[in-house]
Amino acid sequence: MTFRFFCKNTFFRICASFVLLAALLSIAFPGAAAENKSQSKHTLLNEANTFFNQANELAEKDPDAARDLYEKSILRFERLIENEGIRNGRLFYNLGNACFLAGDLGRAILNYRRARQYIPNDPNLQQNLAYARSQRIDQIEEPQRTRVLRTLFFWHYDFSVKIRAILFLIVFAALWGAALLRLFMRSPLLHGAIIICALISLCLFLSLAIETRQQQNNDSGVLIAAESIGRKGNSVSYQASFQEPLHAGAEFTILETRGDWHHVRLHDNRECWLPAADVQAVRLPTP
């Protein structure tokens with residue numbers, strides 16, 4: 001009995017010693033875990049870029065081998081995003097390129113759209129996104145009214161939220177500066193500057209408010225499946241909404257989610273329900 005108690009006591013002491021040693025090591029070397037994680041990120045990125053470059057070299061000679069290498073590159077880019085929580089425009093842009101060259105048009109457009117949230121004015125991104133969209137089977141055009149609005153209010157559609165917010169702060173500060181100067185100086189130029197700054201500030205504020213409301217109420221999505229039948233309700237028992245299925249790369253606004261189905265509105269204002277497995281939202285949750 002005494003011997004058994006002694007063994008049990010000794011076992012617990014050894015375990016406690018190991019726990020204490022691990023705690024002391026973590027205190028003594030707090031950067032070790034962070035360093036290993038950083039090395040893991042760099043390894044994944046280097047592997048992704050290596051596979052991508054190798055695929056480019058084989059694209060003409062051996063398309064099948066190139067496609068396999070693109071897929072390996074895609075997996076590593078996705079691990080950086082999903083497992084490591086990295087979010088930046090270049091990463092999404094490179095992932096979009098790999099998806100496009102691998103023949104996955106839906107995910108290419110999806111990741112170009114995600115990249116555009118960070119680098120909206122990048123000319124290469126704009127060109128690649130436009131080309132990918134031109135390759136879609138479904139060429140869904142926006143109504144004339146929407147195209148007119150995009151032309152008139154280009155700054156709302158073409159500038160990112162960050163850029164609009166910075167412009168708002170600059171113009172709003174200029175408005176107050178001009179207003180303070182107006183107290184000491186009577187100048188028609190100052191009066192005009194106040195009016196112009198007030199109008200621009202109001203437009204930018206409304207733009208940001210509309211953007212915030214839209215993001216809270218719904219989100220943009222892209223069809224990643226090769227094709228999917230849009231239905232009139234959230235079940236396969238409902239009739240098809242359109243004569244033809246939708247195809248990879250179709251873009252829409254996600255209005256509502258019920259179970260495994262999304263209620264979406266296409267750019268031509270038609271609506272339907274799509275299986276959630278066939279759809280990806282452009283906006284990712286914060287890591």
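The values are calculated or read from the model by the stated rules, or taken from the named source; none is laboratory data. Quantities reported herein were computed from a predicted structural model and do not represent experimental measurements. Positions of Cβ are generated from backbone atoms using ideal geometry, with glycine treated the same way; all protein chains shown enter the neighbour counts. In case anyone asks, the SASA skips ligands and DNA or RNA and just uses the protein heavy atoms, side chains included. Shrake-Rupley method; radii C 1.70, N 1.55, O 1.52, S 1.80 Å.
Against the numbered list (1) in contact (Cβ under 8 Å) with a residue 12 or more places away in the chain; (2) assigned to a helix (DSSP H, G or I); (3) open to solvent by less than 40 Å² (accessible area, probe 1.4 Å), ASP138 comes up short only at (2).
When only residues in region 254-287 that are within 25 Å of TYR118 (Cβ to Cβ) and part of a loop (DSSP other than H, G, I, E, B) count, which is farthest from the chain's Cα centre (by Cα)? So the residue we want is HIS267. Only a single criterion out of (1) open to solvent by 90 Å² or more (accessible area, probe 1.4 Å); (2) under 23 Å from GLU141 (Cα atoms); (3) within 28 Å of the chain's Cα centre (by Cα) is not satisfied by GLY230, namely (1). Quick check: is even one residue across region 238-253 closer than 19 Å to TYR112 by Cβ, open to solvent by less than 20 Å² (accessible area, probe 1.4 Å), in a strand (DSSP E or B) and of a type in the set (Val, Ile, Thr)? No: region 238-253 contains no residue that is closer than 19 Å to TYR112 by Cβ, open to solvent by less than 20 Å² (accessible area, probe 1.4 Å), in a strand (DSSP E or B) and of a type in the set (Val, Ile, Thr). With respect to ILE81, is the statement that it is modelled with pLDDT under 95 and either under 15 Å from ALA250 (Cα atoms) or among the small types (Gly, Ala, Ser) (or both) true? So ILE81 fails the test.
Could you look through region 51-95, keep only residues that are in a loop (DSSP other than H, G, I, E, B) and under 26 Å from PRO285 (Cα atoms), and pick out the one that is most open to solvent (accessible area, probe 1.4 Å)?
Narrowing region 51-95 to residues in a loop (DSSP other than H, G, I, E, B): 59-62, 83-88.
The next check asks that each one be under 26 Å from PRO285 (Cα atoms); those that pass are 83-88.
Details: ASN83: 109, GLU84: 37, GLY85: 25, ILE86: 43, ARG87: 63, ASN88: 59 Å².
Of everything passing the filter in region 51-95, ASN83 is most open to solvent (accessible area, probe 1.4 Å).
Figure legend. Inter-residue proximity from region 57-74: first residues on the phi > 0 side of the Ramachandran plot and without any contact (Cβ under 8 Å) to a residue 12 or more places away in the chain, second residues open to solvent by less than 90 Å² (accessible area, probe 1.4 Å) and outside any helix (DSSP H, G or I), beta-carbon distance below 8 Å, spacing 6+ or different chains. No pairs are indicated. If you go through region 100-135 and keep only what is touching a residue at least 40 places away in the same chain (Cβ under 8 Å), under 20 Å from GLU227 (Cα atoms) and part of a helix (DSSP H, G or I), you end up with LEU101, LEU105, GLY106, ARG107, ALA108, ILE109, LEU110, ARG113, ALA132, ARG133. Out of curiosity, is LEU206 open to solvent by 40 Å² or more (accessible area, probe 1.4 Å) and among the aliphatic types (A, V, I, L, M)? Yes; evaluated as a whole, the condition is true for this residue. Tallying residues that are at pLDDT 80 or above and surrounded by 12 or more Cβ atoms within 10 Å (Cβ to Cβ) within region 209-219 yields 1.
The residue list LEU189, LEU169, LEU199, LEU183 contains one member that is exposed (fewer than 14 other Cβ atoms within 10 Å of the Cβ), more than 21 Å from the chain's Cα centre (by Cα) and at pLDDT below 80, which is LEU183.
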